[in-house]
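Each remark here refers to the structure printed beneath this line.
A short reminder: the numbers here are calculations on the coordinates, not readings from a lab. In this text, all values refer to a predicted model and were calculated from it rather than measured experimentally. FYI the Cβ positions are ideal-geometry reconstructions off the backbone, even for glycines, and counts take in every protein chain you see.
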Amino acid sequence: MKLDETKFTMDFINEVKATYAIDVKDSSPLEQLMALGNLIKRYDSSNWKNTSKNYRQKDAKQVYYFSIEFLPGRLMKSNLLNLGILDTVRDGLDKLGLDFEKICSSEPDPGLGNGGLGRLAACYMDSMASLGMAGNGNGIRYRYGLFKQVFMNGYQVELPDDWLRNGNVWEIRRENRACLVRFGGHVWLQKQADGHLRPVYDHTDDVLPVPYDVGIVGYHNDVTNTMRLWSAELPPSADQTFYNQAQRDRIDQITEVLYPDDSNAAGRSLRLRQEYFFSSAGVQSIVRHYFLDHLSVNEFARKVAIHINDTHPTLVIPELMRILLDEYDCPWDKAWQLTVATMSYTNHTIMQEALETWPIDMFKGMLPRIYEIVEEIDRRYREEKTPIFGENTVDKTAPLGNGQVRMAYLAVIGSHSVNGVAPLHTELLKKDVLQDLYRIYPERFNNKTNGIASRRWLQLANEPLSNLIDSKIGETWRYNPKQIQTLSAFKDDDDFLNKLEAVKIENKKQLAKYVDEELGIKIRTDAIYDVQIKRLHAYKRQLLHALEIIREYLDIKDHPKKDVIPRVHFFGAKAAPSYHYAKSVIKMINALAELVNNDKAVEDKLKVVFVPNYGVSLGELIIPAADISEQISTASKEASGTSNMKLMTNGALSLATMDGANIDIVQAAGKENEYTFGLTADDVYGYYHRGDYHAAQFYDSNPELQRILETFVDGTIPGISTEGREIYDSLLRYNDEYFVLADYAEYVQKQKQISQDFTDKKVWEQKSLANIAASGTFSADYAVARYGEDIWQVPYDRVLK
Ligand code: 26Y
């Protein structure tokens with residue numbers, strides 16, 4: 001959009017006055033943020049209105065991306081950038097003497113997700129809008145987001161994330177669009193006067209889902225899509241005294257808080273309520289919207305694509321069936337055909353413990369009509385497939401089995417497309433986790449490698465680098481990220497390489513300032529910034545990274561005179577509150593940091609910074625400053641990873657196992673520009689099949705490793721007698737489930753290589769450049785375009801080069 005700076009400042013002054021009845025000079029950053037947000041929302045309102053109007057006029061097919069998590073990050077700068085008014089607004093506020101950065105950082109960062117899956121959903125929202133694709137988000141407006149992490153005596157403590165305390169300036173509450181979601185009670189089918197069987201409900205707990213819409217602004221294309229988040233409320237029309245306190249609490253609880261687990265499907269009933277709640281509300285609103293312009297269900301799958309982001313929204317399948325059967329008198333076969341044609345499913349994990357199942361008794365009691373439908377899906381599946389694939393295979397893969405509703409199987413059976421998120425991951429789904437279903441539905445399986453929103457992770461997070469890129473190759477890469485590739489022409493341009501280094505140092509200064517001010521740790525900006533930012537999980541092996549730190553520490557202590565290349569090791573990681581082992585690793589790393597950072601003999605050769613409360617906003621600060629991107633999961637366990645892509649596009653070199661999308665990153669940037677090591681997925685599966693992994697062998701044959709592991713239990717690292725023992729035992733007593741010891745030697749070797757290579761500035765910057773230049777293919781724009789073409793059959797406007 002076009003915006004004149006003077007007009008903007010006038011509008012802003014008036015907005016502050018109108019909202020708060022004060023002058024700008026008396027307003028706080030928070031008030032300035034709210035006023036600015038209101039104003040931007042108003043500037044964008046015609047785009048938002050016209051976007052939905054255009055889609056309706058064109059009768060465009062719509063995608064609905066269902067996700068129980070969204071991690072959009074702060075929206076102010078992103079909206080300004082995408083509207084094309086970032087500089088105007090920044091300059092205007094600057095002239096008013098206001099601190100733009102301070103205003104932006106007073107926006108709460110909505111933590112409506114745990115990690116990769118939630119952030120992926122947000123990147124895809126950004127890309128759909130930027131491609132001009134009719135894409136909608138559908139999720140939950142949690143009253144409290146993912147907990148705020150603080151460290152007390154090195155232990156993780158979880159505090160509530162009261163992100164809505166001052167309201168959310170970007171949302172619009174649309175109470176008139178509310179519908180009803182039914183839980184519990186009894187249901188039976190009754191013949192109606194018109195001869196149709198329809199369900200009659202008795203004693204149900206009804207919940208009112210109220211939608212809050214957030215505009216998702218596309219990049220320089222006048223498109224604003226909608227992310228719809230549902231909040232659970234008491235139905236107003238009913239006699240409120242009818243609801244006893246327990247029922248009221250049950251309703252309030254549904255959207256009260258995000259479950260802080262990202263790998264452990266605990267089977268809690270509230271979680272199932274959340275899942276049905278937003279699935280049902282979403283599907284109801286889709287069907288209602290569809291019937292505004294259509295007279296029969298016939299066109300449904302040609303006009304609507306529903307995407308199931310991991311299994312959490314799988315109940316959209318029986319819910320759409322319910323609506324088609326019970327409310328539109330659709331015969332089963334037709335309803336099923338429409339449903340399968342509408343649905344598609346992405347799997348994000350091969351970890352067994354993350355696969356959702358629900359005890360049938362719980363499921364049936366909470367969702368009686370949905371259960372009947374799942375039972376019928378199960379019955380027909382068995383009837384159709386048993387003659388072809390045999391009872392054994394069908395038993396193993398049916399939606400109902402072992403007293404459980406198996407969500408992943410239901411999702412595959414009820415969708416026309418099933419995708420993994422990186423080539424290796426998709427292959428493992430076919431070979432392992434979903435192998436039997438792959439035999440039955442081979443044509444449904446496909447890969448869609450993850451991508452990241454390069455607008456947020458490069459253009460916004462790293463403005464200095466983006467400007468440098470512009471100065472060399474112009475601005476078209478901002479629309480077509482693959483064009484960053486042309487930057488590689490400058491790999492021998494010393495001046496450019498120096499500037500690349502200067503940008504990195506500038507970003508390191510910003511981070512160092514934060515670390516000093518917030519954590520009281522002084523770090524050098526000429527050190528290697530070695531970064532591992534992701535959820536804390538045993539398979540991601542923060543422990544392996546810690547072993548290297550201990551090695552470096554002991555080396556400095558043993559050889560005080562030796563020249564070392566200074567390093568700062570960064571961690572950002574939340575642990576699920578109930579994940580005991582992960583919390584022990586946090587405590588251990590904090591204790592190690594305490595030891596290293598305060599040991600005079602270490603000076604500033606080595607520092608360890610565990611940044612508390614890692615999330616999108618801290619990612620934006622840390623990633624542009626990174627030299628090394630630690631992607632060291634046990635091969636086969638990380639479905640894709642996305643921090644690997646964010647770090648790459650900001651010029652970090654990957655220190656990586658051949659896992660997830662690391663494989664594709666290495667291929668794109670060239671093996672010589674990354675540091676790869678460790679067991680391959682085949683090696684890991686080999687150990688599984690033979691059952692001959694013996695951690696002790698690696699321990700016995702490596703004295704250095706022995707010494708390092710001793711520090712967990714001999715008091716070298718103070719204050720971890722329990723945690724140290726637990727970690728030590730996990731490796732040696734319980735045989736090191738994630739092959740840390742097997743990969744140790746090669747990992748250390750690569751770390752040493754890194755230190756050496758870092759001293760040759762030119763070569764280092766060339767490698768960094770190779771990473772930046774090759775990162776364009778990991779833009780979510782391409783990923784989403786492929787979803788649109790292959791899975792959703794939804795067109796988009798932007799011609800991507
Ligand atoms: C069932 C419940 C406990 C659950 C909740 C959240 C299960 C899984 C999750 C989230 C999983 C997740 O974030 N997976 C990550 O998805 C990213 C996007 O595809 C991948 O890049 C990453 O490798 C994967 O771990």
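Spin-label pair residue 196-residue 554: with each label point 7 Å from Cα along the Cα-Cβ axis, the two points sit 7.3 nm from one another. When you count the other C-beta atoms within 10 angstrom of each residue and take the mean per peptide, 205-217, 261-273 line up highest first as 205-217, 261-273.
Of the chymotrypsin sites (Phe, Trp or Tyr not before Pro) found in the stretch 724-763, those that fall in a DSSP loop while having at most 15 other beta-carbon atoms within 10 Å are 734.
Based only on other Cβ atoms within 10 Å, what is the fewest-to-most ordering of 316, 374, 24?
Going from sparsest to densest Cβ surroundings: 24, 374, 316.
Residue-wise HN-Hα couplings along the stretch 571-581, as the Karplus relation 6.51 cos²θ - 1.76 cosθ + 1.60 with θ = phi - 60° gives them from phi, are 10, x, 6, 9, 9, 4, x, 9, 8, 4, 4 Hz; Gly and Pro carry x.
Each Lys or Arg adds one and each Asp or Glu subtracts one; over the other residues with Cβ under 12 Å from the Cβ of residue 607, this totals -3. Name the long-range amide H neighbours of residue 64: under 5 Å, sequence gap of 5 or more, or other chain; modelled H, no Pro or chain starts. Here the answer is 136, 305, 306, 307, since their amide H atoms fall under 5 Å of that of residue 64.
Between 0 and 90 degrees, the angle of helix 494-519 with respect to the longest Cα principal axis of the chain falls at about 80 degrees.
P(r) for the chain: what percent of alpha-carbon pairs falls in each 10 Å bin, starting at zero? Calculated P(r), rounded to whole percents: 2, 13, 23, 25, 20, 12, 4, 1, 0, 0. Annotation note: chymotrypsin sites (Phe, Trp or Tyr not before Pro) in the stretch 511-580 located in DSSP loop regions with a Cβ neighbour count of at most 11 within 10 Å are absent.
Among 189-201, 417-429, sorting by the average number of other beta carbon atoms lying within 10 angstrom of each residue, highest first, gives 417-429, 189-201. Placing pseudo-labels 7 Å out from each Cα toward the beta carbon at residue 175 and residue 203 gives an inter-label distance of 3.2 nm. Computed from phi, the 3J(HN,Hα) profile of the stretch 783-790 under the Karplus parametrisation 6.51, -1.76, 1.60 (θ = phi - 60°) reads 4, 5, 4, 5, 4, x, 6, 8 Hz, with x in place of Gly and Pro.
For residue 115, what charge total do you get from the other residues with a beta carbon under 11 Å from its beta carbon, if Lys and Arg give +1 and Asp and Glu give -1?
Within the 11 Å Cβ shell, the charges total +2.
Mean residue ellipticity, 222 nm, helices only, the chain: the sum of -39500 (n - 2.57) across DSSP H runs of n ≥ 4, divided by residue count and rounded to 500, is -14500 deg cm²/dmol. What the pair-distance distribution of the stretch 577-669 shows, using all Cα-Cα distances binned every 5 Å from zero, is 3, 12, 16, 17, 22, 17, 9, 3, 0 percent. Of the options 348, 331, 301, report the single residue whose Cα projects farthest towards the positive end of the charge dipole of the stretch 298-353 (beta-carbon charges: Lys, Arg +1; Asp, Glu -1). With unit charges placed on the Cβ atoms, the residue in question is 301. Applying Stokes-Einstein at 20 °C and 1.002 mPa s to the Kirkwood radius of the stretch 507-776, computed over alpha-carbon pairs, gives a translational diffusion coefficient of 114 µm² s⁻¹.
With the simple spin-label model, which puts each label point 7 Å out from Cα in the Cβ direction, the residue 379 to residue 801 separation comes to 5.9 nm.
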